[in-house]
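Each remark here refers to the structure printed beneath this line.
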Amino acid sequence: MMTRGTFILALNGIDERFVAESLQYSVGKTKKERTVIRIAALIACLAVVLIGALSIILKSVNDQTISTQESNLGEELTFTPVSKPTTGHKIGVKCRSLYSGKTITFDAFMSQLLTESEKTEIDGYPVFEVFQETDGENGTEERWIVINGHEKNYEKRFSLEDLDFLVAPSSESDVFDGHSERVVLDFRNLEPGDTVTLVVSYGFFYYSNNPYNQTQPDDSWCGKRIWLYCSCKENGISVSANSLEDAESILNSKN
């Protein structure tokens, strides 16, 4: 058993050279640890500064984007045909009342009511169409807008297999819960003061076996349409579902 006296004697027997080396190692290790801690602290501080700066930049860009959208676009409008439904076709449009620049973008929604037996009887195809009904205001020269890259008229034909996502669950289903198509209108061919009437439609072109009207001839059309009235001015393009006069009044109120 080691007593206090024997422990002291043991310590006295240790070579002083080993003690000095041990102290030097401990001091060097402590300095190295302190250096590592200081570097880690510096990196952490720099990370906090960078994250704070990035947050300020992103917030500034986001605020600027929101401000631009609010200042350049009019209120959101929702259009559907006002007449009572006579067919199983539904069409709706969500757009803005006012757009800056020469290009406007909106979404058209469509759906179809069909029973399982009607699906097998149809000999035709569903079609979504947007076309320009009138040219420039004075009519002396043709000035057509470009619709999804097509001048004056854009048509998308669906296959009967597409009815899987076009058919609405029930007659009470909201058309805006159905399938949508993006529409881009380019007005660069028009002059300030021109007005344009657009037709947005969804329906069926039938060859025969029309489930709604068996007497319709081949290549007949049955569906729903919305008329959009657009006014082109220097400060933008306005849209109305009521009339050309209403579309012009929207732009005049912004002057």
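The values are calculated or read from the model by the stated rules, or taken from the named source; none is laboratory data. All figures in this text were calculated on a predicted structure; none of them were measured in a lab. Here the Cβ is made from the backbone with ideal geometry for all residues, glycine too, and neighbour counts use every protein chain on show.
Checking the structure you have, find out if any residue of the stretch 117-133 is part of a helix (DSSP H, G or I) and surrounded by 15 or more Cβ atoms within 10 Å (Cβ to Cβ). Checked the stretch 117-133: at least one residue is part of a helix (DSSP H, G or I) and surrounded by 15 or more Cβ atoms within 10 Å (Cβ to Cβ). If I filter the stretch 211-222 for residues that are at pLDDT 85 or above and under 19 Å from PHE109 (Cβ atoms), do I get at least one hit? No, the stretch 211-222 has no match at all. Selection within the stretch 136-160: residues that are touching a strand residue (DSSP E or B) at 6+ places or on another chain (Cβ under 8 Å) and among the acidic types (Asp, Glu). The member of this set that is modelled with the highest pLDDT is GLU155.
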